[in-house]
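Laboratory data are not the source of any read-out in this text; all were calculated from the coordinates shown. Note that the structure is predicted; figures quoted are calculated from it, not measured. With ideal geometry, Cβ positions are generated from the backbone for all residues, glycine too; neighbour counts draw on all protein chains shown.
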Amino acid sequence: MAEATLSSKNQIVIPREARRAMQVKAGDTILVVSRGDHALILRKPDSYPKAIRGVGRQLYSKNYLKKERSSWD
């Protein structure tokens, strides 16, 4: 685990290992998501649709859609 220190100008340097893992470089845009007293630092995706493609694929069983449509009759 790497550490970063907040400067007097409220800036941090993202440690090298984190930059490599996130595949970011100088000039890239990152997202900072605050959740109470925690923050997540994420690389901004080039395309949001591509980034979330397939996320819900395993949420429903194979026959869910067929059963749902048959219930409409």
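Numbers for the structure displayed
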| read-out | value |
| --- | --- |
| Residue in the range 27-36 that is assigned to a helix (DSSP H, G or I) and over 18 Å from the mean Cα position of the chain (by Cα) present | no |
| Matching residues, the range 12-28, being in contact with a strand residue (DSSP E or B) (Cβ under 8 Å, 6 or more places away or on another chain) and either surrounded by 10 or more Cβ atoms within 10 Å (Cβ to Cβ) or not polar (S, T, N, Q) (or both) | 14, 18, 22, 24, 28 |
| Residue 45 vs. criteria under 15 Å from the mean Cα position of the chain (by Cα), surrounded by 10 or more Cβ atoms within 10 Å (Cβ to Cβ) and either at positive phi or not aliphatic (A, V, I, L, M) (or both) | yes |
| Count of the range 37-73 residues which are free of Cβ contacts under 8 Å to residues at least 12 places away in the same chain, farther than 19 Å from residue 5 by Cα and not in a loop (DSSP other than H, G, I, E, B) | 12 |
| For residue 27: the one exception among (1) touching a helix residue (DSSP H, G or I) at 6+ places or on another chain (Cβ under 7 Å); (2) on the phi > 0 side of the Ramachandran plot | (1) |
| Contacts under 8 angstrom Cβ, first residue in the range 4-16 being more than 20 Å from residue 28 (Cβ to Cβ), partner surrounded by 10 or more Cβ atoms within 10 Å (Cβ to Cβ), 6 or more apart | 5/12; 6/12 |
